[in-house]
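Below is one structure, written out as structure tokens; comments come after it.
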Amino acid sequence: MKLKEILNSLSDLKADYISLREVHSKGLGMSVRNEVFEGLNSSEDHGLMIEVMMNGQFAYGATNSFELSDIRECALKAKNAAIEASRFSLAKFSLDERPVTVGEYKSPGKVGIDGFNPKEATELLMGLSNAMKLHEHVISRSAYMQMTEMQTHFVATNGSDIKQNINRTAIGMSAVASSEKGNQRRSYGDDQSTQFGLEKFNKEKLTATAIRIASEALELLNAEECPTETMDLLLAPDQLYLQIHESIGHPLELDRILGDERNYAGWSFVKPSDFGTLKYGSPLMNITFDPTLEGQYASYFADDIGNKATKEYLIKDGVLLRGLGSLESQKRLNLPGVASQRATSWNRAPIDRMANVNLEPGTSSLEDMIKSVKRGIFMQTNRSWSIDDYRNKFQFGCEYARLIEDGKLTKLVKNPNYRGITAPFWNQLKMVGDKSTFEVGGLANCGKGEPNQVIFVGHASPVCLFSNIEVFGGGK
Amino acid sequence: MKALQSSYLEIFAKKVFNELKSDEALTLNFNGEETLFSRLSKAKVRQVTNLHQAFIDFAFIKGNKVINFNMPFRADEGDFSLALKKLAQAREWIAALPEDPYLVRPKYYGVTKEENLNSLPKNEEMMGQVLDFAGNVDLAGVFSSGDVVRATINSEGQFHWFKTRNFYLDYSLYNEKQKAVKSLYAGSEWNSDDLRRNIKDAEYKLGLMNRDSKKVARGDYRVYLAPSAVNELMGTLSWGGVSMAAHQQGSGSLKDLWQKKKVMSPKFTLKEDYSLGLSPRFNEAGELAHPEMMLIEKGEFRNFLISTRTANEYKLESNNASDWESMRSPVISTGDLSRDDIYKELGTGLYVSDLHYLNWSDRETARITGMTRYACFWVENGEIVSPIEDLRFDESYYNIFGDALERVTNFAEVSPSTGSYFQRDVGGSKAPGVLLSQFKFTL
């Protein structure tokens, strides 16, 4: 039975509003380590989320059965739960928070699971693992491929009808070098997921990357420890993705600002009164919510309640303008938000989320940024992250770093870390790289919510320079 | 929900096993739940979800090759036809795959069936009591209840079934200054008096948070870590800390302990202990872990967790760990510090109830970073002076459970897992509090 027919069959429940969100996802992953095939995993998930509003309260019923009787029972449970919960509602909602939207979206990728060839894929990953075999000290040489295809069909009693096919691909690798001096890891790809397909990945480029990361892991074995001092910090996009994620994305989520997430993910140092006034960062800082960037990991047409997504500035010229939050949170706070009420799959209710949250490029070339630094460090590729529940005090570690001395990149150092506090840190943003330094990435596993949910998000950034940051190394 | 009855899985599995050819074998891992989640804030209801789900992971072996796939399980006729379709796809793909030298073949590991299905009040009744007892206090968190199933069945005749019915209220209370205390009421038998007492205890602790917060400067301090903070430390140690594969592959974080270059304190003992009763002993392959296994005994290395796959690769003996070689039922031994003496023995320093967002800052030296969270206090001369503003720490396990470990409490607290990524977790850990002579705060 078609989804609309199922929806129509529930009309006698006389709910104030019902939506059905059918999610059918398929995944395929495989990995190789030390030139040994580690396994192929093929997954399939298919289920239905029924959202019911009664007396201004939403409740949800989720099932992976498509028997009409089961769906009906689930819808009835959701209706009764909404009525019961409406006696204790945190906030009352109306159809204003459920816009009427009709449309379709499909990821731009061409070669996905249907075009998967296990022999070719195995050969590619084996080749990458083998390319990392530069020296006996490279003791672990891993390569993986992951593809996901998620078809979502959303229909609602207000007339909304949205079909979205979001296909995602990632290829990654890592090399661990080990000697009596310790272990060092270099990796590529954990943050490079995309909505383009396998056609995006070039074997020669991937092989060159495999050789590079293995060489760098070996090189790090003999590097000196990162010094402990306050200095200028130049960050590559593959570290800035997580810096943006943790210290901009999460604190701007409106449900955190409202306190809904206090017991698990935490809340935010941002107050409702900060919107329009808080100088979040230096005037060079421009942050957008951009679901329209072709191929970026979390691009889409509409969120999971049917709100059409558009590009919006969250921070412009350093000033906080807008939060990441659903129409429900926007109503509760009387603040502007974006179309980002998203669920991990059919089995979770949608909550306030990031999607693509990007730092817009500036005007400085990489060379000019390096030249401008008397004493500093250039860090690349995230390896560790931690931040407090208000999203203030953070600490990040990177895989690879080089000192900058008198305007030149010099000595390689290992175990680079830095720490800071969110708003002061972003106000120390001194230079923003131009388009030639701008890279687009994606992270697969952003965790949040009670019940817990993971979701895919996109981040893009140029290289950026920060002044006077606390930097330190590993060791005791 | 009929999919959560063992007979449906057994009938389905038998039909699928009958389709196997002579060089084929199959292990099925079943996961299912029927759950209510109610998301709460300000002691009101934000969202309610009733969830019914079940799915099966297949490990299909043909010759010396393996392929893994999964499918939803609905306990209807469609299951078998979908399984046949997936088997056909697997046979096609597996022909193109290389052999797996570390293959774990299914074996007969016996038949067990465990069901803990106590009667619980209706969901709306339990929820009503939670909101009633919370009254006007600002409560945020999640209430969850229902049935969870884990099972494994293979073509060699092995079958393990674990079904439990339980609930938890994972919550925190907030005062007007937005300082908070954390608590948990969980179990398989509902007791209104216990729930009321749990919330009242948390409210009492919240009263202590009304004093002005002290901003503590970075530096080294004497610290008492309460059991919930120690349980948090166990969680991070499970992330490559006690995995043999992680250590063999250069990403382990207790290398020096393993290689006997370092020891921890004789007061520190860590083991896997399934008598905790929160986690099934069988792993994904149906292998049964030993009821109790020492990992670190009196500060010295005893065992890492070794899955059969890791054992095959490195020619070691498996201790039937899970694929991820993470702890499933960790317990830290208690010591001799009584509850009444904690503040006196701490003297002047920090009482830390919870830790938050831990991550390795340097695996080579077992250094972790993270934040203090919830009810943490500055203590002077054995008396609580004030709550503190949250602090970042960066410290090594070799210090926490080694040189700096002065005392361990004579009581321990169980922390049942309340995780629910993809599905409601089972499992948990049990830890005492620890008194440390030195703990490094960095921001």
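Bear in mind that the values in this text are calculations on the coordinates, not laboratory data. Everything quoted here is computed from the prediction, not taken from an experiment. Cβ coordinates were reconstructed from backbone atoms using ideal geometry, including for glycine residues, and neighbour counts include every protein chain displayed.
Dividing the summed helix terms, -39500 (n - 2.57) for each DSSP H run of n ≥ 4, by the number of residues in chain B produces a 222 nm estimate of -6000 deg cm²/dmol to the nearest 500. Cross-linked pairs B:K2/B:K86; B:K271/B:K315; A:K79/A:K163; A:K311/B:K182; B:K215/B:K298; A:K163/A:K203: Cα-Cα separations exceed 28 Å for A:K311/B:K182; B:K215/B:K298; A:K163/A:K203.
For chain B, take the longest principal axis of its alpha carbons; what is the angle in degrees between that and the long axis of helix B:77-94, to the nearest 10 within 0 to 90? Here the helix axis deviates by roughly 80 degrees. Sketch the reach of a paramagnetic label on A:E120 as a point 7 Å from Cα along Cα-to-Cβ, and name the residues of segment A:143-160 whose backbone nitrogen lies under 17 Å away. Output list for this probe position: A:145-148. For segment B:298-388, pairs of C-alpha atoms spaced more than 14 angstrom apart make up 79 percent of the total. Distance from the C-alpha centroid of segment B:124-201 to that of segment A:279-317: 37 Å, rounded to the whole angstrom.
In this Cβ point-charge picture (+1 for Lys and Arg, -1 for Asp and Glu), segment B:1-114 has a dipole of about 460 debye about its Cα centre. In terms of its Cα atoms, chain B spans 74, 56, 32 Å along the principal axes, sorted from long to short.
Computed from Cα atoms, the angle from the helix B:123-134 axis to the main principal axis of chain B rounds to 10 degrees.
Highest-first packing order for the peptide set B:211-217, B:355-361 is B:355-361, B:211-217, based on the mean count of other beta carbon atoms within 10 Å. Peptide B:297-306 has a mean shielding of 0, counted as Cβ atoms of other protein chains within 10 Å of each residue's Cβ. Panel note: the C-alpha atoms of segment B:1-51, placed on their principal axes, show extents of 60, 20, 10 Å (largest first). Taking all C-alpha pairs of segment B:4-135, those more than 26 Å from each other amount to 44 percent. Ellipsoid semi-axes for segment B:200-306, based on the Cα gyration tensor and the rule √(5λ), read 33, 21, 13 Å when sorted largest first. Based on alpha carbons, the Rg and Dmax found for segment A:102-146 are 16.3, 58 Å.
Taking a Cβ cut-off of under 11 Å around A:T169, the surrounding Lys, Arg, Asp and Glu residues balance to a net charge of +1, with basic ones at +1 and acidic ones at -1.
Across chain A, the mean sequence separation of Cα contacts (distance under 8 Å, 6 or more residues apart), normalised by length, yields a relative contact order of 15 percent. As a quick test, which of the pairs B:K14/B:K107; A:K26/A:K110; B:K179/B:K214; A:K181/A:K414; A:K205/A:K371 have an alpha carbon distance above 18 angstrom in this structure? Too far apart for the 18 Å limit: A:K205/A:K371. Averaging 1/r across all pairs of distinct Cα atoms in segment A:15-84 and inverting the result yields a Kirkwood radius of 14.2 Å. For chain A, the longest principal axis of the C-alpha atoms and the axis of helix A:203-221 are separated by about 60°. In plain terms, the residue of A:M126, B:M371, B:M1 with the fewest other Cβ atoms within 10 Å comes first and the most crowded comes last, giving A:M126, B:M1, B:M371. Counting neighbouring beta carbons within 10 Å and listing from fewest to most, the residues A:I139, A:I50 come out as A:I139, A:I50. Please compute the Kirkwood hydrodynamic radius over segment B:366-443, one decimal place, Å, based on all pairs of different Cα atoms. Here the Kirkwood hydrodynamic radius works out to 14.9 Å.
Looking at this model, which pairs from A:K271/A:K393; A:K374/A:K411; A:K393/B:K205; B:K122/B:K163; A:K119/B:K62 are more than 21 angstrom apart at the alpha-carbon? The answer is A:K393/B:K205. Comparing B:L40, B:L225, B:L84 in a Gaussian network model of chain B where C-alpha atoms under 10 Å apart are linked, the largest mean-square fluctuation is found at B:L84.
The trypsin sites (Lys or Arg not before Pro) of segment A:132-181 that DSSP puts in a loop, and whose beta carbon has at most 15 other beta carbons within 10 Å, are A:K133, A:K181. Every pair of different Cα atoms in chain A enters the Kirkwood calculation, which places the hydrodynamic radius at 23.7 Å.
Size descriptors for segment B:81-179, from the alpha-carbon set: Rg then Dmax equal 23.3, 65 Å. Taking the three principal axes of the alpha carbon atoms in segment A:339-476, the coordinate ranges are 55, 40, 24 Å, sorted in descending order. Computed with the Debye formula from one identical point scatterer per Cα of the protein assembly as shown, without solvent, the log10 of I(q)/I(0) at q = 0.04, 0.07 Å⁻¹ comes to -0.17, -0.56.
Measuring nothing but how far apart in sequence close Cα pairs (under 8 Å, 6+ apart) lie, relative to its length, segment A:18-83 scores a relative contact order of 28 percent.
Taken residue by residue and averaged, Cβ atoms of other chains lying within 10 Å of the Cβ of B:246-252 number 5. When B:D194, A:D96 are sorted by how many other C-beta atoms sit within 10 angstrom of their C-beta, beginning with the fewest, the order is A:D96, B:D194. Measuring spread by the Cα atoms of segment A:101-220 yields a radius of gyration and Dmax of 19.0, 66 Å. Local charge sum around A:F394 (other residues, Cβ-Cβ under 13 Å, Lys/Arg +1, Asp/Glu -1)? That works out to -2. Share of pairwise Cα-Cα distances greater than 14 Å in segment B:144-207 is 67 percent (whole percent). The helix-based estimate of mean residue ellipticity at 222 nm for chain A, built from -39,500 (n - 2.57) per DSSP H run of four or more residues and divided by its residue count, is -5500 deg cm²/dmol to the nearest 500.
Residue-wise HN-Hα couplings along segment B:178-192, as the Karplus relation 6.51 cos²θ - 1.76 cosθ + 1.60 with θ = phi - 60° gives them from phi, are 6, 7, 9, 10, 10, 8, 8, 10, 9, x, 10, 10, 7, 9, 4 Hz; Gly and Pro carry x.
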